[in-house]
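The structure under discussion appears below in the form of structure tokens.
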Amino acid sequence: MTTHSPGPAPAPFYVTTTIPYVNARPHLGFALELVQADVLARHHRRAGEPVRFLSGTDDNSLKNVLAAEAEGVPVQQFVDRNAAAFAALDGPLALSLDDFIRTSRDPRHRAGVERLWHRCAAAGDLYRTHYEGLYCVGCEQFWTPGELVDGRCAEHGTEPQAVAEENWFFRLSRWTGVLRELIEDGRLRIEPAARRNEVLALLGRGLRDFSVSRSQHRARGWGIPVPGDPGQVVYVWWDALGNYVTSLGYGGEDGAGAPEYERWWAGEGRRVHLVGKGVLRFHAVYWPAMLLSAGLPLPTDILVHDYLTVDGRKISKSAGTTVDPVELTAAYGTDAVRWWLLREVPRTGDADFTRERLVTRADADLAGGFGNLVNRVVTMVHRFRGGTVPAGAGAGGGGVPEPGTEHLRAACDGAAADVARALHEVDFRGAAAAVWRIVDEANRCIDETRPWELARAERRHRNASAGRRLDAVLSALLHACRTLGDELAPFLPHAASRISAQCAPAPDGTLPVPVPLFPRLAPAPGAPQAP
């Protein structure tokens, strides 16, 4: 007897979001990143891959300290309250998080930051020196005069502070050539290509060493002390970036040998960071250089999204242009918010948000598209076949499709590959469009085959051929609805489960009575309207 050894186990897929400052409550811009990461996590789980999905909060920022002081609240109390609001996004956004780290509270974090510091120090990449420069609190970053726009930070539009102090520095300049080689040959993949080229241009201009500590005085005593130098606090970016490995137990007793670290970071799988374009240099330059210095593996993919705007202005806590994702989901539903973020936001370029656009998209695609199609098909199955659909050639898989169902069969058969291809290219809108093609082709199939006329011919004229064709068409349409439920699962998990339930036969083989799956939306009474 011939035995077959099992194939190689699927490689792990580790996906992370950035960890935002908690100087204010979360906004829709960060919800975009969470939802995109969730889609990737759900997609790879469906493919049978082990997946770990991490998010968290950056508690140890000077921005948080200043916001707490302005409010007159103790810093720990302030960050605890706001971090809880970020953690609570899990439910309203239907996230499938596996882990959530808080840099001020999680016992895994400080030990990992300290270990990373010691490794880079041992490599000779940390040194202490006097420094004077222009510091943007919003970016938590020093800028040169040439990097400013009319003397202001390009990201926040504020004038940076002149700072002079003695800090620890990291020899970033040492790693310029290595980083360029890693990015050019694809070992460190940055998508989209425009962002990859942006990083290569930055490397081409040459890298300057950067400050990795602040004085205890300027940090207001908040943050992780520098190992061996308690008068200094670890710079927030060094601290925050470490979360991607500290959350895996890198700083524990086993260090780099910790089981979670070995599985998700040191192994052969993918290590994927989703980031906004404003923090690209930190993730594509600073973080890989830190890892190279410490002798640790690099991320495999850095996937970059652009911004959401309101009336053309970036959604930002500090700028006051925020949209509360919790309030939005309460008013319009999780499905509507997730679908707008996935269907409307382009692969490159900013996307402007309004409630009117959200409502229009939800009514057109959810109520008028997915919901209408499923209701229409299940209703026809009940009307023409008593709720039971016989197996037919149009059901998918083998066999010759019924005339008029060919394009629908192709859309169903190709949807999974089209979605996978788009997600690999970080094109969430393209992936959502691949699912939507099933709806388009199903409606086109209905218009072309006209099942009601086949039913009339079968009933009035006892036309057996029309009856067989009706069976095949209804079977193809129901298969399309089931495929729609399957392929929507990473995008709209709640909606997908409702669609699948509506298309699942009972023990007697009949479908459930059709019910509306999506309400048509209107602006919530009294809700403030975005421009």
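Here the chain yields Rg over Rh of 1.05, to two decimals, using C-alpha coordinates and the Kirkwood radius. Summarising the amide proton neighbourhood of THR309: residues at separation of 5 or more, or on other chains, whose placed amide H is nearer than 5 Å comprise ILE315, ALA351, ASP352, PHE353. Counting 0.36 nm for each residue step from GLU253 to ARG218 and taking away their Cα separation leaves a gain of 9.4 nm. Between VAL149 and SER173, the simple label model (points 7 Å from Cα in the Cβ direction) yields a spacing of 2.9 nm.
Suppose we look only past 27 Å in the calculated P(r) of the range 13-323. What percent of the Cα-Cα pairs does that tail hold?
Of all Cα-Cα pairs in the range 13-323, 40 percent lie more than 27 Å apart.
In the range 13-323, Cα pairs under 8 Å separated by at least six residues give a relative contact order of 23 percent. As a length-normalised measure over Cα pairs under 8 Å and 6 or more apart, the relative contact order of the chain settles at 15 percent. Inter-part distance, the range 183-222 to the range 297-317, computed on C-alpha centroids, equals 15 Å. Ranked by the mean number of other Cβ atoms within 10 Å of their residues, highest first, the peptides 176-186, 222-232, 51-61 come out as 51-61, 222-232, 176-186. Given R0 = 25 Å, the distance between the Cβ atoms of GLU184 and ARG205 translates into a calculated FRET efficiency of 0.95. Here the label points at HIS461 and ALA420, each 7 Å from Cα along the C-beta direction, are separated by 4.4 nm in the simple model. With q set to 0.18, 0.20, 0.22 Å⁻¹, the log10 of I(q)/I(0) for the range 208-287, from the Debye formula over equal scatterers at the Cα positions, is -0.91, -1.02, -1.09. In the chain, the DSSP-assigned H stretches of four residues or longer account for a calculated mean residue ellipticity at 222 nm of -13500 deg cm²/dmol, using -39500 (n - 2.57) per stretch and the full residue count as denominator. Extending 7 Å from the Cα toward the beta-carbon at both ALA122 and GLU165 defines two label points whose distance is 2.9 nm.
Against the empirical 2.2 N^0.38 Å (N residues), the range 354-502 has a Cα radius of gyration ratio of 1.09. Restricting to bridges with both residues inside the chain, how much of the DSSP beta-bridge set is antiparallel, in percent to the nearest 5? Of all bridge pairs located within the chain, approximately 50 percent are antiparallel. The residue list GLY252, VAL381, THR16 was ranked by how far each Cα lies along the charge dipole of the chain toward its positive end, using unit charges on Cβ atoms, and VAL381 comes out on top.
Any read-out appearing in this document is the output of simple, stated calculations on the displayed coordinates, not a laboratory observation. Just so you know, these numbers come straight off a predicted model, no measurement behind them. Because the Cβ atoms are built from the backbone with ideal geometry, glycine has one as well, and the counts that use them run over all protein chains shown.
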